[in-house]
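> After the structure tokens below, expect a handful of questions from me.
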Amino acid sequence: MELRINQKTYQVDADADTPLLWVIRDDLGMTGTKYGCGLAQCGACSVLVDGNVVRSCVTPVAGVVGREVTTIEAIETDDVGKRVVATWVEHQVAQCGYCQSGQVMAATALLKNNPKPSNEQIEAAMVNLCRCGTYNAIQAAVHDLAGLSATKGEA
Amino acid sequence: MNLPIESLNLTDPVNVSRRRFLAGTAVGALVLGFGLPLGSGRALAAAAATERGTQVPAFLEIRPDNTVRLLSPFMEGGQGTHTAMAQIVGEELDADPATFLVEAAPPGEAYVVLDNGMRITGGSMSVRLSYPTMRRLGALARAMMLQAGAEKLGVPVGELTTEPGKVVHAASGRTLTYGELAERAMDLPVPDPASVKLRDPSQFRWIGKPVKRVDAYDKSTGKALYSIDLKVDNMLHAAVQHAPRLGMTVGSLRNEEQVKAMKGVHSVHQLPGAVAVVAERWWHAKRAVEAIQVDWLEAGADSRLRSMPADFSSDAYVKRLAAEKGPARDAENEGDVAATLASAKTTLQATYHNQYLNHGQLEPPSALARFNPDGSLEVWLPNQAPDMFRADIAKRTGLDPARITLHSPLLGGFFGRHFLYESANPYPQAIALAKAVGRPVKLIWSREEEFVRDALRPIAAVNFRAALDSDGMPLAIEAVSATEGPTEALAGKQGEKIDPTALEGLAGKSYAIPNKRIAQIYVKGPAMLGYWRSVGNSLNDFFYEAFLDEIADKGGKDPYELRLHLLRDNPRLTTLLQAVGELSGGWKRGPFTAEDGSKRARGVAMASPFGTQTAVIAEVSIEHGQVKVHDIWQAIDPGSIVNPAIVQAQVSGAVALGLSQVLVEEAVYVDGKPRARNYDLYPILPPSRMARVHVRIVESGEKMGGIGEPPLPAVAPAVANAVARLTGQRIRSMPLSRYTFT
């Protein structure tokens, strides 16, 4: 089947029900998108499909044929994504970093659809798990990107 | 076959030149960068060097572009140790930490730098126990740069000085970059370690400053590589299905032929306590291995593994622990607890317990194994102690350790998961499969297979008794814990001395209570145990600090004031407790009504883990019957620090894990099996349950303590104490999600 990923076209020989995650990682060799649970619980595998955040570990690859998939590998080619990355670095968000690809994708999707989200909209969108507990730094970074000053984060 | 330089035999008497090394890593394999250390040939040749951390060329490669590649003795799993090492070495070398590229060093005596002679990343030891040695390493390297500069410029070394990344001859205005001098410098003999002078701390540019993490960009763009991401040429993928209970073995496979015929399957294998499928793609391997119908056999009497019985229930086990009568061994026994309890008018007693926990690091365990044509073995795997892992691999394979190359990529979460746990690591399986198929194999444990084999955070049931004087002040405290410590679990037996990791947090308290007894009843349990962030403190400080609030209540004392009183002769802890009170706007226990109309209360707790002192205040309310934690104030005194930004981040992260264990998290066993095999039934703290975190760092100047683990243990008891104040319900176990509050 033919896939559009990061503005490129790929021919992939995979079963229709193979999760998109494993096609991206194993067939296409792009490892920035992470496997954490395989059950859409943690969000480490988040990618964008037509600009919306999707958990690729439970998304059958056949479902994205004809759609535009964006992974973390192309995040800086997007203006919003580039700003998200720069803000993530500025806020020193990452600890182990394993979940951060997914967090950056989730933040990018939120801000592309809604450049000025409210605190409630941020809370509703930023639900990926982080075992290092970088939640407050994530929230501070997204608030910064959204132009909100008050943050829940550190004093 | 393209053999990267990493496969070179470490014992070959070759002088691995820098140029050859660079050429080797310039090839675009994904394993790039986890190589044989530059200069290990030289380092081995200089085997005469005996003092720790003095084999400079084994640690440092300075490239022509002035990039400093540092091979660190420690593993980076989020705690920021790579950045701290760049700061410490860079400070003395006179090179900006931002120019550092830090990777984990391979096994080898050269990298044993801790005071205690071990090479382990754990126990929050890395910075505090290597600090002087790693500073000296940087200073030695700087001296070599100066010497090389003197030779090249033909001037006395005394006329030279350094600026970040370069040697300067002020008299002539000439400079040479470290990159220009490195080749010559690294061929010089390492100076006498006693000959170098360290910088005066008042002159520090990077130590003590919020230097940016060296890995922040790569980790924000998916470029950081973890074990699970690696691949080598000709590699196959593998997945396993573990026996449902540890110790069981494979009987027969009822549908092996059908599974072999499934798409993508290369081969089906039987392993100790597991079946495996090797395939061209991991998804195929996983789907096929889960389709195998295995008749599992009960563990034999000769099983080396801890066998999980078919009727094991963690809830029933806790009750059994609480009823254990002994014999007990004392860790602390001062005064006369028994007589004080017998004669006191006011006494109280309570029984506490905690829960098993998974590590829950987001990167599922994996291992990549490759046998090279010369019979040597390479393994890429998450680990906290490369020399111990290599020794274990040597034992399992019969290979000489010198023929085993071990690579230690970034860890996708740490928390104590990557220690040498028999039965809880995938590398023995990966090695066996690579051997069997004659090709490199990367094995990934699915989340489900991880949760059924993870080594659990221990549980304990503690029976407390206390005696109060007529003023309501504690005269005696006794804590008898029925438990098995993680170190005892690894050994499979009780040691000659008490396992400190079993009782830390009950033992080692600083409160001035004249009569005290802290004891352990050793009970070997059926579950395999491991170290979990802050180890024994993670449970024991919860028990002790919550019971101390019960003592305060019984004696009619405010718990904050009682602590101040019991610490009145301890200026360091008095300062710390006052600091957290101040940080929270002044101690107020409540209950009180917040601006949003919710009724709230606060709790306080302290802990002394890993050489650091902490004090925490928590503010809680009840929302939909569950505890909501609004704020955590934490004052932390690690003596002195290297990076305040990383300290702040570690406190925030440790608070999250502390909240997770007290609010929502538990590994429950029913019929010998974990009820949860994934995050759907094993909740970890989600963003919506996170609290605001306020940190005050107090640098008392005392001996440097740890940072990764210490901010965790006081969180749970502070929350439980606040809940008790708010609701009148004293909860003596974790997690609080087992209860509904009104």
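> If you check residue B:115 against the conditions, is it without any contact (Cβ under 8 Å) to a residue 24 or more places away in the chain and in the same structural domain as residue B:163 (by TED's automatic domain parsing)?
yes
> Which ones in the stretch B:179-214 are assigned to a helix (DSSP H, G or I), over 22 Å from residue B:151 (Cβ atoms) and touching a residue at least 24 places away in the same chain (Cβ under 8 Å)?
none
> Could you say which residue among A:93, A:80 is at negative phi and either touching a strand residue (DSSP E or B) at 6+ places or on another chain (Cβ under 6 Å) or not in a loop (DSSP other than H, G, I, E, B) (or both)?
A:80
> Kindly establish whether residue A:127 is part of a loop (DSSP other than H, G, I, E, B), under 12 Å from the mean Cα position of the chain (by Cα) and outside the structural domain of residue A:25 (by TED's automatic domain parsing).
When the stated conditions are applied, residue A:127 passes them.
> Filter the stretch B:660-696 down to residues that are at the interface with chain A (Cβ under 7 Å from one of its Cβ atoms), part of a loop (DSSP other than H, G, I, E, B) and surrounded by fewer than 21 Cβ atoms within 10 Å (Cβ to Cβ), then give me how many there are.
So the answer is 3.
> Test each condition in (1) in a loop (DSSP other than H, G, I, E, B); (2) in the same structural domain as residue A:20 (by TED's automatic domain parsing); (3) under 28 Å from residue B:212 (Cβ atoms) for residue A:48 and report the one that comes out false.
(1)
> Now for a separate question. Given the criterion in contact (Cβ under 8 Å) with a residue 12 or more places away in the chain, under 22 Å from the mean Cα position of the chain (by Cα), away from every other protein chain (no Cβ under 14 Å) and more than 14 Å from residue B:368 (Cβ to Cβ), identify the matching residue among B:461, B:455, B:466, B:436.
Sole residue among the options that is in contact (Cβ under 8 Å) with a residue 12 or more places away in the chain, under 22 Å from the mean Cα position of the chain (by Cα), away from every other protein chain (no Cβ under 14 Å) and more than 14 Å from residue B:368 (Cβ to Cβ): B:455.
> Let me ask another. Could you look through the stretch B:415-428, keep only residues that are over 18 Å from the mean Cα position of the chain (by Cα) and buried (at least 24 other Cβ atoms within 10 Å of the Cβ), and pick out the one that is nearest to the other protein chains (Cβ to nearest Cβ)?
Filtering the stretch B:415-428 for residues that are over 18 Å from the mean Cα position of the chain (by Cα) and buried (at least 24 other Cβ atoms within 10 Å of the Cβ), the one nearest to the other protein chains (Cβ to nearest Cβ) comes out as B:426.
> Within the stretch B:419-432, is even one residue at pLDDT 95 or above and either in a strand (DSSP E or B) or charged (D, E, K, R) (or both)?
no
> Exactly one condition in (1) within 14 Å of chain A (Cβ to nearest Cβ); (2) part of a loop (DSSP other than H, G, I, E, B) is false for residue B:246; which is it?
Here residue B:246 meets the rest and fails (1).
> Being more than 7 Å from every other protein chain (Cβ to nearest Cβ) and in contact with a strand residue (DSSP E or B) (Cβ under 9 Å, 6 or more places away or on another chain) is the filter here; which residues of the stretch A:108-150 pass it?
Passing the criteria: A:108, A:109, A:110, A:112, A:113, A:125, A:128.
> For the structure I just gave you, tell me whether residue B:371 is within 14 Å of chain A (Cβ to nearest Cβ) and either of a type in the set (Phe, Trp, Tyr) or surrounded by 24 or more Cβ atoms within 10 Å (Cβ to Cβ) (or both).
Criteria not met by residue B:371.
> Residues of the stretch B:205-221 being more than 11 Å from chain A (Cβ to nearest Cβ) and among the basic types (Lys, Arg), which ones?
B:205, B:209 - these are the residues of the stretch B:205-221 that are more than 11 Å from chain A (Cβ to nearest Cβ) and among the basic types (Lys, Arg).
> Out of B:397, B:351, B:347, B:405, I need the residue that is of a type in the set (S, T, N, Q), over 30 Å from residue B:465 (Cα atoms), touching a residue at least 12 places away in the same chain (Cβ under 8 Å) and out of contact with any Ser or Thr (no Cβ under 8 Å at 6 or more places or on another chain). Which one?
B:397
> What residue, among those in the stretch B:246-276 that are among the aliphatic types (A, V, I, L, M) and in contact with a Gly (Cβ under 9 Å, 6 or more places away or on another chain), is surrounded by the fewest Cβ atoms within 10 Å (Cβ to Cβ)?
Within the stretch B:246-276, the match that is surrounded by the fewest Cβ atoms within 10 Å (Cβ to Cβ) is B:250.
> I'd like to check something: does the stretch A:14-30 contain any residue that is in a loop (DSSP other than H, G, I, E, B) and closer than 20 Å to residue A:139 by Cβ?
No: the stretch A:14-30 contains no residue that is in a loop (DSSP other than H, G, I, E, B) and closer than 20 Å to residue A:139 by Cβ.
> Does residue A:116 qualify as being in a loop (DSSP other than H, G, I, E, B), at pLDDT 95 or above, surrounded by fewer than 21 Cβ atoms within 10 Å (Cβ to Cβ) and among the basic types (Lys, Arg)?
Judged against the criteria, residue A:116 is a match.
> Looking at residue A:1, is it surrounded by fewer than 21 Cβ atoms within 10 Å (Cβ to Cβ), facing chain B (nearest Cβ under 10 Å) and either in contact (Cβ under 8 Å) with a residue 24 or more places away in the chain or closer than 22 Å to residue A:88 by Cβ (or both)?
no
> Are any residues in the stretch A:15-32 more than 7 Å from chain B (Cβ to nearest Cβ) and of a type in the set (Val, Ile, Thr), and if so, which ones?
Within the stretch A:15-32, A:23, A:24 qualify.
> Hey, another quick one. Of B:654, B:720, B:635, B:714, which residue is in contact (Cβ under 8 Å) with a residue 60 or more places away in the chain, hydrophobic (A, V, I, L, M, F, W, C), touching a strand residue (DSSP E or B) at 6+ places or on another chain (Cβ under 8 Å) and within 13 Å of another protein chain (Cβ to nearest Cβ)?
The unique qualifying residue is B:635.
> Would you call residue B:408 in contact with a Pro (Cβ under 9 Å, 6 or more places away or on another chain) and at pLDDT 95 or above?
yes
> Evaluate the stretch A:66-74: report whether one residue or more is away from every other protein chain (no Cβ under 11 Å) and on the phi > 0 side of the Ramachandran plot.
yes
> Which of the residues spanning the stretch B:322-347 are assigned to a loop (DSSP other than H, G, I, E, B), surrounded by 13 or more Cβ atoms within 10 Å (Cβ to Cβ) and within 39 Å of the chain's Cα centre (by Cα)?
Across the stretch B:322-347, the qualifying residues are B:324, B:328, B:335, B:336.
> Being assigned by TED's automatic domain parsing to the domain that holds residue B:472, closer than 13 Å to residue B:603 by Cα and surrounded by fewer than 24 Cβ atoms within 10 Å (Cβ to Cβ) narrows it down to one of B:545, B:550, so name that one.
B:550
> Report, by residue number, each residue of the stretch B:397-414 that is within 12 Å of chain A (Cβ to nearest Cβ) and either of a type outside the set (A, V, I, L, M, F, W, C) or part of a strand (DSSP E or B) (or both).
B:409, B:410, B:412, B:413
> Right, another one. Please give the number of the condition residue B:90 fails out of (1) assigned to a helix (DSSP H, G or I); (2) in contact (Cβ under 8 Å) with a residue 60 or more places away in the chain; (3) within 19 Å of residue B:192 (Cα to Cα).
For residue B:90, the failing item is (3).
The values are calculated or read from the model by the stated rules, or taken from the named source; none is laboratory data. Keep in mind it's a predicted model, so treat the numbers as computed, not measured. Note that each Cβ is placed from the backbone with ideal geometry, even for glycine, and that neighbours are counted across all protein chains shown.
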